[in-house]
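Since every read-out is calculated from the coordinates, none of them should be taken as a lab result. The structure presented is a predicted model; accordingly, all values stated were derived computationally and were not measured. Note that we place each Cβ from the backbone using ideal geometry, even for glycine, and neighbour counts take in every protein chain shown.
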Amino acid sequence: MLTTQRRRLRGATLLELIVTVSIVGILMAIGVPQLGDWVRRNSVGSAAEIIQNGLRQAEAEAIRRNQRVEFLLTNDAPSQDSIKTLTAAANGANWASRVLDADFAPLSDITLAYVNVFRMKDVSADVAIQGPANVVFSGNGRVFDIKGAPITEYQIFRVSRPGADRAMCVFVTPGGGIRTCDPAITSGKPFACLPLVSAEKCPKP
C-alpha cells in the first residue's frame with residue numbers, strides 16, 4: 001500500500017522534463033513568428049478601418065452641420081486644442097477632421113471646429129499612410145480640395161507596415177463614397193481594389 005502511494009507521488013524524471021521543455025521550445029519557435037506576422041497583418045487592417053471610419057465621420061458631420069469638414073493627414077500631434085493649427089501633410093503619420101468656414105479655414109471657435117483626431121501610433125508606431133494631405137466634404141456630401149475645386153478622381157489612402165505581407169487602401173469617390181479594398185484580392189471579388197483602383201495606385205506589399 002505504501003509503495004503504491006510513493007509511486008503515485010513520484011515527480012517527473014529529468015528525461016521527462018527535457019522532453020517537455022524541448023517540445024515547448026519547438027512549438028514556440030514555430031508559433032512566435034507566425035504570431036508576429038498575424039499581429040502585423042491585423043494592425044494594417046485595423047489602421048485602414050480607423051481611417052475609413054474617420055472619413056465617414058467627417059462626411060456625416062459635414063452633412064449634419066451643413067458645413068464644410070476637412071479630413072487631413074498631419075505629422076503634428078493632433079488634439080482638440082491644436083485642431084486649428086494642425087498642418088496638413090501628404091503621407092502624414094496621423095489624421096484629424098475639422099469644420100471649415102466659407103474661406104476654407106478652420107472655424108475660430110475650437111469647440112465648433114473640432115470633429116475628431118487620431119494618432120496612428122495607437123495602432124502601431126510603424127504603420128505608414130500614403131495619401132493626399134486632405135479632402136473636404138461639403139454639406140451635401142460632395143468632395144472638394146482645400147481650395148474649393150471639385151475632386152474629379154479617387155482620393156486614395158494606402159496603409160502598410162514594414163514586414164507585413166498585407167496592404168489596404170481606403171478611397172473616396174468624387175461623389176463622397178468611401179470604401180476599403182485589398183489589392184491582393186482577385187478583381188471583381190468583394191473587397192477587391194480592381195477594377196475600381198488600379199494596382200499602380202494601390203500596389204501590393
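Given that compact globular proteins tend to follow 2.2 N^0.38 Å, what is the ratio of the alpha-carbon Rg of the stretch 118-168 to that value? Don't jump to the answer; show the numbers that get you there.
On the way: Rg = 14.1 Å, N = 51, 2.2 N^0.38 = 9.8 Å.
Against the empirical 2.2 N^0.38 Å value, I get 1.44 for the stretch 118-168.
What size of dipole, in debye to the nearest 20, comes out for the stretch 121-175 about its Cα centre when the only charges are +1 on Lys and Arg C-beta atoms and -1 on Asp and Glu C-beta atoms?
Details: 6 positive and 5 negative charges, 10 e Å.
Roughly 40 debye for the stretch 121-175.
Shape of the stretch 140-180 from its Cα gyration tensor (a ≥ b ≥ c, root eigenvalues): rounded if a/c is under 1.5, otherwise prolate when a/b > b/c, or oblate?
On the way: a/c = 4.18, a/b = 2.50, b/c = 1.67.
Prolate, because a/c is 1.5 or more and a/b exceeds b/c.
Rank these for me by crowding, 114, 154, going from fewest to most other beta carbons within 10 Å. Write down the numbers at each step before the final one.
Values: 114 21, 154 18.
So the ranking, lowest neighbour count to highest, is 154, 114.
Indicate the gyration tensor shape class of the stretch 114-205 (rounded, prolate or oblate), computed on the Cα atoms with a ≥ b ≥ c the square roots of the eigenvalues: a/c under 1.5 is rounded; otherwise a/b larger than b/c is prolate and the rest oblate.
On the way: a/c = 2.25, a/b = 1.24, b/c = 1.81.
Cα axes put the stretch 114-205 in the oblate bin.
Here are some pairs, 84/121; 121/204; 121/147; which of them have Cα atoms lying more than 28 Å apart in this structure? Present the calculation step by step, with values, prior to reporting the outcome.
On the way: 84/121 21 Å; 121/204 22 Å; 121/147 30 Å.
Correct reply: 121/147.
Give, as ranges by residue number, the residues of the stretch 95-120 whose backbone N falls under 18 Å from the point 7 Å along Cα→Cβ of residue 145.
103-105
Compare the Cα positions of 85, 127, 115 along the charge dipole of the stretch 76-137 (+1 at Cβ of Lys, Arg; -1 at Cβ of Asp, Glu; about the Cα centre) and return the one farthest towards the positive end.
It is 127, whose Cα lies furthest towards the positive end.
With only Lys, Arg, Asp and Glu charged, each at its Cβ (+1 for the first two, -1 for the last two), find how big the charge dipole of the stretch 74-205 is about the Cα centre; round to the nearest 20 debye. Intermediate values should be presented prior to the final figure.
Numbers: 13 positive and 12 negative charges, 82 e Å.
With Lys and Arg at +1 and Asp and Glu at -1, about 400 debye.
Once you place label points 7 Å from the Cα toward the Cβ at residue 56 and residue 39, how far apart are they in nm?
For residue 56 paired with residue 39, the spin-label model returns 2.8 nm.
Can you classify the stretch 86-157 as rounded, prolate or oblate using the Cα gyration tensor, where a ≥ b ≥ c are the square roots of its eigenvalues, rounded means a/c under 1.5, and otherwise it's prolate if a/b beats b/c and oblate if not? Intermediate results must be reported in sequence, preceding the final value.
Working: a/c = 2.34, a/b = 1.28, b/c = 1.83.
Oblate, because a/c is 1.5 or more while a/b does not exceed b/c.
To the nearest 20 debye, what is the magnitude of the charge dipole of the stretch 73-138 about its Cα centre, counting +1 on the Cβ of each Lys and Arg and -1 on the Cβ of each Asp and Glu? Intermediate results must be reported in sequence, preceding the final value.
Details: 4 positive and 7 negative charges, 25 e Å.
Once rounded to the nearest 20, the dipole reads 120 debye.
Work out how much length residue 104 to residue 133 would gain on full extension: take 0.36 nm times their residue separation and subtract the Cα-Cα distance, in nm to one decimal.
That works out to 9.0 nm of additional length.
Using the 10 angstrom Cβ neighbour count as an exposure proxy, how do 70, 61, 200, 153 rank, fewest first?
By the 10 Å Cβ count, ascending: 200, 153, 61, 70.
Provide the gained length on full extension for the span residue 87 to residue 184, in nm with one decimal, where the gain is 0.36 nm per separating residue minus the Cα-Cα distance.
Working it through step by step, the gained length comes to 31.6 nm.
Which loop trypsin sites (Lys or Arg not before Pro) in the stretch 97-205, with loop taken from DSSP, have no more than 11 other Cβ atoms within 10 angstrom of their Cβ? Please report the intermediate quantities before stating the final value.
Values: sites: 98, 119, 121, 142, 147, 158, 166, 179, 201; in loops: 142, 147, 166, 201.
Passing both the DSSP loop test and the Cβ count: 147.
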